Amino acid sequence: MTRRRYAPEYRRQMVELARTGRTAEELSREFECSAQAIRNWVRQADLDEGRRADGLTTAERDELRRLRRENLQLREEREILKKAAAWFARETDTVPGRSSRS
């Protein structure tokens, strides 16, 4: 099952309606999205606006995602370089000394 993507403006409107006092269940029946999705959007909006501090803001989530991707790429590059160095060492019949900074 795939998750349906909702436009940011649609999410903002649902958050505004939920903040006017309408329940997530009411809104989900009327607009055909899940009540849990609406509750999640309200929670994330509260985090982004500083109304609560028990999670990551959208900007923090984006940065974390970017850093994890960058970290993965750096690990892969390091593995490639290690293998290349070992291959070149075998080709030249020299073995590089072990460094404690690996």
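The values are calculated or read from the model by the stated rules, or taken from the named source; none is laboratory data. The shown structure was predicted, so the numbers you read here are calculated from the model rather than taken from an experiment. Cβ atoms come from the backbone with ideal geometry, glycine included; neighbour counts cover every protein chain shown. SASA here: full protein model, heavy atoms, side chains in, ligands and nucleic acids out. Shrake-Rupley method; radii C 1.70, N 1.55, O 1.52, S 1.80 Å.
Computed values, structure above
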{"item": "Charge dipole (debye, nearest 20) of the chain; +1 at Cβ of Lys and Arg, -1 at Cβ of Asp and Glu", "result": "300"}
{"item": "Rel. contact order, % - alpha carbon contacts under 8 angstrom, at least six apart, the chain", "result": "13"}
{"item": "For the chain, with +1 on Lys and Arg beta carbons and -1 on Asp and Glu, the positive-most of L17, I38, T58 along the dipole", "result": "T58"}
{"item": "Rounded to the nearest 10 Å², the accessible area of T2 at probe 1.4 Å", "result": "130"}
{"item": "Per DSSP, loop GluC sites (Glu not before Pro) in segment 1-79 with at most 10 further Cβ within 10 Å", "result": "E32, E49"}
{"item": "Among A86, L47, Y6 the positive-end extreme of the charge dipole of the chain (Cβ point charges)", "result": "A86"}
{"item": "Theoretical gain in end-to-end length, A35 to T20 [0.36 nm per residue, Cα-Cα removed]", "result": "3.8 nm"}
{"item": "Computed [θ] at 222 nm, helices only, for the chain once each DSSP H run of length n ≥ 4 contributes -39500 (n - 2.57)", "result": "-22500 deg cm²/dmol"}
{"item": "Charge context of S34, other residues only, Cβ under 12 angstrom, K/R +1, D/E -1", "result": "+2"}
{"item": "Listed candidates (1) 1.08; (2) 1.57; (3) 1.91 - label of the one calculated as Cα Rg over 2.2 N^0.38 Å", "result": "(3)"}
